[in-house]
Amino acid sequence: MVISARPENPVHTESADIGQASVGELTARLSEQISHLVRDELALAELEMKQKAKRLGLGVGMFGASGMLALFGALCAVAAAVLGVANVVSAWLAALLVGAGLFILAGMLALAGRIGVKKATPPLPTDAVQSTKKDVALVREAVKR
């Protein structure tokens, strides 16, 4: 029986004279087989990582392209909003009103983001630290008794 990911370096796992082999020969065979196994596993891991890296690159590229298309769609929606408001008021005023609305929306999102960031800082697990301190205090009290 031969086990190998690389056919040019087969590893023989069974031999007719295995019963007559000395401990030294068996140890040498074991060492050789482990060496081949580790090399083959590393080669397999390298191949797998290359395939995953290709898929990751393709996925990131598609994600970037979708972001660009979403941006173009949003710009078209803004243009449509300007054209829609232009039916009621003059075109320059419609563009000004839609732009002001977008700035107001951006400001609201910025404030909401700022609040979220403040709640997330400091980036330490403060609840877990407090819980651990309580646990240590309980253990100290139990040891004192």
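We did not get these values from a lab; they are worked out from the coordinates using the rules stated. What you see is a predicted model, and the numbers here were worked out from it, not measured in a lab. For neighbour counting, all protein chains shown are included, and Cβ atoms are generated from backbone atoms with ideal geometry for every residue, glycine included.
Work out how much length LEU109 to GLU32 would gain on full extension: take 0.36 nm times their residue separation and subtract the Cα-Cα distance, in nm to one decimal.
21.4 nm is the gain from fully extending LEU109 to GLU32.
Nearest 10 degrees, 0 to 90: what angle lies between the long axis of helix 126-144 and the longest principal axis of the chain (Cα atoms)?
Roughly 50 degrees between the two axes.
Full-extension gain between GLN130 and LYS52, please, as 0.36 nm times their residue separation minus the C-alpha to C-alpha distance.
24.1 nm
Ranking request for peptides 101-108, 120-127: highest mean number of other beta-carbon atoms within 10 Å first, then the rest in descending order.
Packing order, densest peptide first, comes out as 101-108, 120-127.
Hey, with R₀ at 22 Å, roughly what FRET efficiency would ALA91 and LEU71 work out to, going by the Cβ-Cβ distance, to 0.05?
Given R0 = 22 Å and the Cβ-Cβ separation, E is 0.40.
Have a look at the chain and give its Rg and Dmax from the Cα atoms, expressed in angstrom.
33.6, 101
Whole-Hz ³J(HN,Hα) for each residue in region 86-96, computed from phi via Karplus 6.51 cos²θ - 1.76 cosθ + 1.60 with θ = phi - 60°, x for glycine and proline: what do you get?
5, 6, 9, 10, 5, 4, 5, 6, 4, 5, 5
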